[in-house]
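Working notes for the structure below.
The values are calculated or read from the model by the stated rules, or taken from the named source; none is laboratory data. Source: prediction; values computed, not measured. Neighbour counts are summed over all protein chains in view; Cβ atoms, including those assigned to glycine, are modelled from backbone coordinates with ideal geometry. When the accessible area is computed, the model is the full protein with side chains, heavy atoms only, and any ligands, DNA or RNA have been set aside. Shrake-Rupley method; radii C 1.70, N 1.55, O 1.52, S 1.80 Å.
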Amino acid sequence: MANIELDIWRGEWGLASIDLECLKVLTYMKFIGVPVRVREASNPFFTPKGSLPVMRDGRTVLTNFEEVVEYLKSLHYSTDVHLNQKQAAEASAFTQYLRDKLYPAYQYAWWVDEKNYGDVTRPTYAKALQIPFNFYYPSRYQGAAKEMIDALYGEHSDLKEVEKTIYNEAEKCLKTLSDRLGESEYFFGNRPSSFDATVFAYLAPLVKTPLPNATLSNHVKGIANLSRFVARISQKNFRNVTDEYNRQNKKQSQGTQSEREAQFPNATRNKVLAGLFATLAMTGYAVATGMFQRFSTWSWNNTLLVNRFRIAKKHLEKIRRLRALKPKEENAAS
């Protein structure tokens with residue numbers, strides 16, 4: 001066995017990978033403890049099927065969960081050796097049940113629901129991809145999901161009716177899973193199996209992804225033993241991912257609080273200064289208005305006096321001219 005390499009979609013929200021199929025393979029490898037080099041891929045273009053995950057071991061290249069399980073079993077790595085024949089048959093039947101009832105709902109929530117796709121799914125996958133592939137692959141995956149939903153529920157013309165039917169079937173499936181798990185740590189005894197890896201890969205993204213339309217996610221979170229199941233496997237097998245996510249969240253939360261605290265005195269100061277400025281401006285305006293009014297009154301009175309003086313002056317000049325003309329008229333008459 002050469003060094004095994006596993007290419008997966010990147011992680012987010014405390015998930016080791018944002019992708020269900022990648023999470024299946026990665027969780028299974030964690031269960032069996034096989035040495036593997038995990039790489040977060042940003043371009044599935046050169047993969048055999050244009051999708052992830054891809055496992056490489058020398059010349060062996062595998063692209064789906066079942067192939068990986070069988071190949072690792074041939075290398076004597078397996079978590080299913082403790083299952084008896086009945087349990088193995090039950091695990092196989094449950095796996096198909098999940099594929100028939102939960103997988104369509106998962107695909108609908110992630111890819112078909114336009115709000116979830118626009119706000120979360122597309123931006124998340126686009127962030128993981130290189131340009132120009134970030135424009136192509138999310139739309140391609142959405143198209144494939146829509147085709148699957150149309151093939152399964154094409155008789156329904158109303159998308160809301162399709163959504164209701166899909167989620168109702170998924171909720172029944174989740175209840176069956178919950179009943180089967182009960183208070184056990186894993187579905188078949190005290191050790192994990194490939195079926196536990198499969199269930200975790202379905203549930204963990206629904207529990208941890210902040211989907212705006214969270215009908216299915218909320219239903220999963222409302223089932224206590226399934227939520228605990230996800231939390232246990234996350235802590236036991238992806239503790240570093242979970243702890244790092246929690247640290248980042250705490251740091252961001254503290255940063256936000258610090259920013260608010262730092263902004264508080266400045267905001268208070270700005271409010272005080274604004275109030276003071278407003279008061280000064282209003283006072284200045286009142287004073288200026290009063291002064292203007294007083295100045296206007298003074299100017300008007302002064303103008304009246306000046307005009308009266310001018311009129312009086314004109315009268316005096318007229319009287320002087322008349323007095324000056326009177327002697328000349330008397331001399332002319334004599």
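Computed values, structure above
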item	result
Near pairs, Cβ below 7 angstrom, 6+ apart or cross-chain, from the stretch 205-231 (in contact (Cβ under 8 Å) with a residue 60 or more places away in the chain and in a helix (DSSP H, G or I)) to any residue that is among the β-branched types (Val, Ile, Thr) and open to solvent by 30 Å² or more (accessible area, probe 1.4 Å)	Ser217/Val207
The stretch 195-215 - residue that is in contact with a Leu (Cβ under 9 Å, 6 or more places away or on another chain) and either open to solvent by 10 Å² or more (accessible area, probe 1.4 Å) or among the small types (Gly, Ala, Ser) (or both) and, of those, nearest to Gln85 (Cα to Cα)	Ala197
Answer from Lys175, Lys146 - the residue that is open to solvent by 30 Å² or more (accessible area, probe 1.4 Å) and either modelled with pLDDT under 95 or more than 26 Å from Ala93 (Cβ to Cβ) (or both)	Lys146
Complete set of residues in the stretch 42-57 that are open to solvent by 50 Å² or more (accessible area, probe 1.4 Å) and in contact (Cβ under 8 Å) with a residue 60 or more places away in the chain	Phe45
Every residue from the stretch 125-144 that is part of a helix (DSSP H, G or I) and touching a Pro at 6+ places or on another chain (Cβ under 9 Å)	Tyr125, Ala126, Phe133, Tyr137, Pro138
From the options Glu161, Glu155, Glu185, residue that is of a type in the set (D, E, K, R), farther than 18 Å from His219 by Cβ and surrounded by fewer than 12 Cβ atoms within 10 Å (Cβ to Cβ)	Glu155
Residue in the stretch 87-94 that is open to solvent by less than 40 Å² (accessible area, probe 1.4 Å), under 18 Å from Ala201 (Cα atoms) and part of a strand (DSSP E or B) present	no
Qualifying residue in the stretch 58-76 (condition: closer than 17 Å to Phe200 by Cα, open to solvent by 30 Å² or more (accessible area, probe 1.4 Å) and either in a helix (DSSP H, G or I) or at pLDDT below 95 (or both))	yes
Count of the stretch 26-57 residues which are assigned to a helix (DSSP H, G or I) and within 26 Å of the chain's Cα centre (by Cα)	3
Pairs, first more than 16 Å from Asn64 (Cα to Cα) and open to solvent by 70 Å² or more (accessible area, probe 1.4 Å) in the stretch 25-41, second among the aromatic types (Phe, Trp, Tyr) and in a loop (DSSP other than H, G, I, E, B), C-beta under 8 Å, six or more apart	Lys30/Phe238; Glu40/Trp9
Filtered residue count, the stretch 216-231, keeping only those that are of a type in the set (A, V, I, L, M, F, W, C) and open to solvent by 30 Å² or more (accessible area, probe 1.4 Å)	2
